Structure formats: C-alpha cells, structure tokens
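Report on one structure; see the data block that follows.
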Amino acid sequence: MRAAVLRLSALIAAMAAAIPARASDADPVEGVWDFTVTRRDCASGAVLGTQRALTVFHRGGTLSNDNSTAPGSHGAMFGTWKRGSRPAYAVQMVFMRFNADGTMAGTQKVVRSLALAADGNTLTGTVVAHTLDATAAGTAQGCATETGIRVY
C-alpha cells in the first residue's frame, strides 16, 4: 500500500511539473489580434488604401500573420516580437512575394512599432515595409498605420 501511495505521489508530482505556465504568466500582447492597416504614402502620409490583417503573438516572442492581400501574391508571414518599455512592442516579419505567373518576385521585410492600450485590448502602431527583389536588392519602401483589437 505504501509503495502504491508513493508511486501515485510521484505521478502527481510529474504531472504537475508538466502543466504549462499559467495564463497570468503570459505577456499582455499574446493572443490573436485583428488589425486594420492603413497604407500611406511615406512622404506625404496620404492614404493609399486599407486592408485587414490577423496576427497571432505566440508566447516566447514569435508570431504568425496573414492579411487580406490576394493569397497568390505572397506566402505565409512569420516574425518575432519583443516587448520594450511598457506599452511598446517591436515586431519584425518577413514573407515571400510572387509574380502573377507564380514565380518568385522576392521578399518583403516588415517592421512594426506597436503600443498596447491600458485596457490591454487595443494596439496602435506604425509599419515600415521594405520590398526586396529575388536577388535581395531593395526596390521599394511602404508605410502604414494600424489599429488592432484583441480577438482572443
């Protein structure tokens, strides 16, 4: 009987050690966010258009992103995020771009600077995108502002 109790105690201790960190240990930005991105002329700030984007901020500083741009024109977006002084976050992302015929056009590297609102459910920020051709030479720069709301 004593051996069974010791085995059960060891099993319970092992299970407790395997339980992931509590949600209270999460960074406030972790989760799924729905963004409205306003593309702007970098020089004048004039609005060029808007699009939607979904970003998942994963625990540990990685992220996944998708947007409402035609899916055939780009691949999946991956990146990293880092918390600065509260409420600031720095984000870097990259994705592959494709020509209309499906051939590789290059990549786009995106830098986002975000601020988390005091309520923890709204993000605002700026975006700078660097378009690179298939040889990794810079061809264009884009700018945007964005506002995100927490989904989950």
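The values are calculated or read from the model by the stated rules, or taken from the named source; none is laboratory data. Computed from a predicted structure; not experimentally measured. Heads up, the Cβs are rebuilt from the backbone with ideal geometry, glycines too, and the neighbour counts pull from every protein chain shown.
Inside region 89-117, residues that are of a type in the set (A, V, I, L, M, F, W, C), farther than 11 Å from Gly75 by Cβ and more than 14 Å from the chain's Cα centre (by Cα) make up a count of 2.
Kindly indicate whether any position in region 18-29 is under 25 Å from Gln141 (Cα atoms) and at pLDDT 95 or above. No, that holds for no residue.
If you go through region 125-152 and keep only what is assigned to a strand (DSSP E or B), farther than 24 Å from Val29 by Cα and among the aliphatic types (A, V, I, L, M), you end up with Leu132, Ala140.
Could we say that Thr139 is under 17 Å from Ala53 (Cβ atoms), free of Cβ contacts under 8 Å to residues at least 40 places away in the same chain and either crowded, with 17+ Cβ neighbours inside 10 Å or of a type in the set (Val, Ile, Thr) (or both) here? Here the answer is no, as Thr139 does not meet what is asked. Of all residues in region 86-124, exactly one satisfies the criterion of being among the β-branched types (Val, Ile, Thr) and either touching a His at 6+ places or on another chain (Cβ under 6 Å) or not in a strand (DSSP E or B) (or both), namely Thr103.
Flag not set for Thr126, criterion: closer than 26 Å to Thr139 by Cβ, at pLDDT 95 or above and touching a Gly at 6+ places or on another chain (Cβ under 6 Å).
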